[in-house]
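*Asks:* The following block contains the structure, expressed as structure tokens.
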Amino acid sequence: MLKKFMLVVVAAAAVAASVGVGTASAAAPAVLGGGSGIIVGNSAECTLTTIGNDAAGRLVGITAGHCGGAGATIAAEANTDAGVVGRIAFSNPEYDYAVIEFDRAKVIPVNRIGNVTITNVGPPTSFPNIVCKEGRTTGNTCGIAYGDILQSQETWSQLCVVEGDSGSPVVVGTTLVGMVNAYLGIACFGPEVGTNIDAILRHINAGNAVGTGFSPIP
């Protein structure tokens, strides 16, 4: 069980009722990668952690689990005209991650969004390494990593995150090491806490479901 103390979840921000999901069949596919803003269930905004293929050849992605449950629709914040581009296959509250299965015909997967490029996944980082993240709310921010302080499969870092940054990829260079899940105390002042990506992938692989054998878009 993950241990979280005094955590403030980087909650999915409410989307105005006027935001709709387009259904035009002629709409261009959505460009999505780690750091892209996504609309979950047409009611919450979060950030995509990463996108790639699983062992069965499905186009899948990962985001924070508190963003939505199984069956929730996914739309690209930057291209709502593309309509529903995927759905959450399952959501895990213990590790706070969700696996998304995308419609390959509606998505162009990329490995770079903003100032973050993801070329591979790696083990959690430790003090005093510098980590960076790309979020749909606060964009690209970097800070020092404190490491997995509680040995709880979570890494603490001094990253600026606020609501809507949930799911943001946390990288060292171009290596994905974790995601953004919460902050302690005050946004952009208290430490950020997020699940280690290697723990998430082990958990996905153990379930032998959508996302098993995931590898990011190279």
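*Asks:* On the basis of being farther than 30 Å from Ala145 by Cα and either open to solvent by less than 10 Å² (accessible area, probe 1.4 Å) or among the small types (Gly, Ala, Ser) (or both), does Ala72 make the cut?
*Replies:* yes
*Asks:* Separate question: Within region 77-90, can you find the residues that are open to solvent by less than 40 Å² (accessible area, probe 1.4 Å) and closer than 12 Å to Cys46 by Cβ?
*Replies:* Within region 77-90, Ile88 is the sole residue that qualifies.
*Asks:* Which number in (1) under 19 Å from Val180 (Cβ atoms); (2) modelled with pLDDT under 95; (3) open to solvent by 10 Å² or more (accessible area, probe 1.4 Å) marks the one condition that Ala16 misses?
*Replies:* It is condition (1) that Ala16 fails.
*Asks:* How many residues, within region 41-53, are part of a loop (DSSP other than H, G, I, E, B) and open to solvent by less than 10 Å² (accessible area, probe 1.4 Å)?
*Replies:* So the answer is 2.
*Asks:* From (1) part of a helix (DSSP H, G or I); (2) open to solvent by 60 Å² or more (accessible area, probe 1.4 Å); (3) in contact (Cβ under 8 Å) with a residue 24 or more places away in the chain, pick out the condition that doesn't hold for Pro218.
*Replies:* (1)
*Asks:* Could you please give the count of residues in region 92-109 that are open to solvent by less than 40 Å² (accessible area, probe 1.4 Å) and either among the aliphatic types (A, V, I, L, M) or out of contact with any Leu (no Cβ under 8 Å at 6 or more places or on another chain) (or both)?
*Replies:* Matching residues across region 92-109 total 6.
The values are calculated or read from the model by the stated rules, or taken from the named source; none is laboratory data. Keep in mind that this is a model prediction, so the values were computed, not measured. With ideal geometry, Cβ positions are generated from the backbone for all residues, glycine too; neighbour counts draw on all protein chains shown. Ligands, DNA and RNA are stripped out before the accessible areas are found, and what is left, the full protein with its side chains, is counted by its heavy atoms. Shrake-Rupley method; radii C 1.70, N 1.55, O 1.52, S 1.80 Å.
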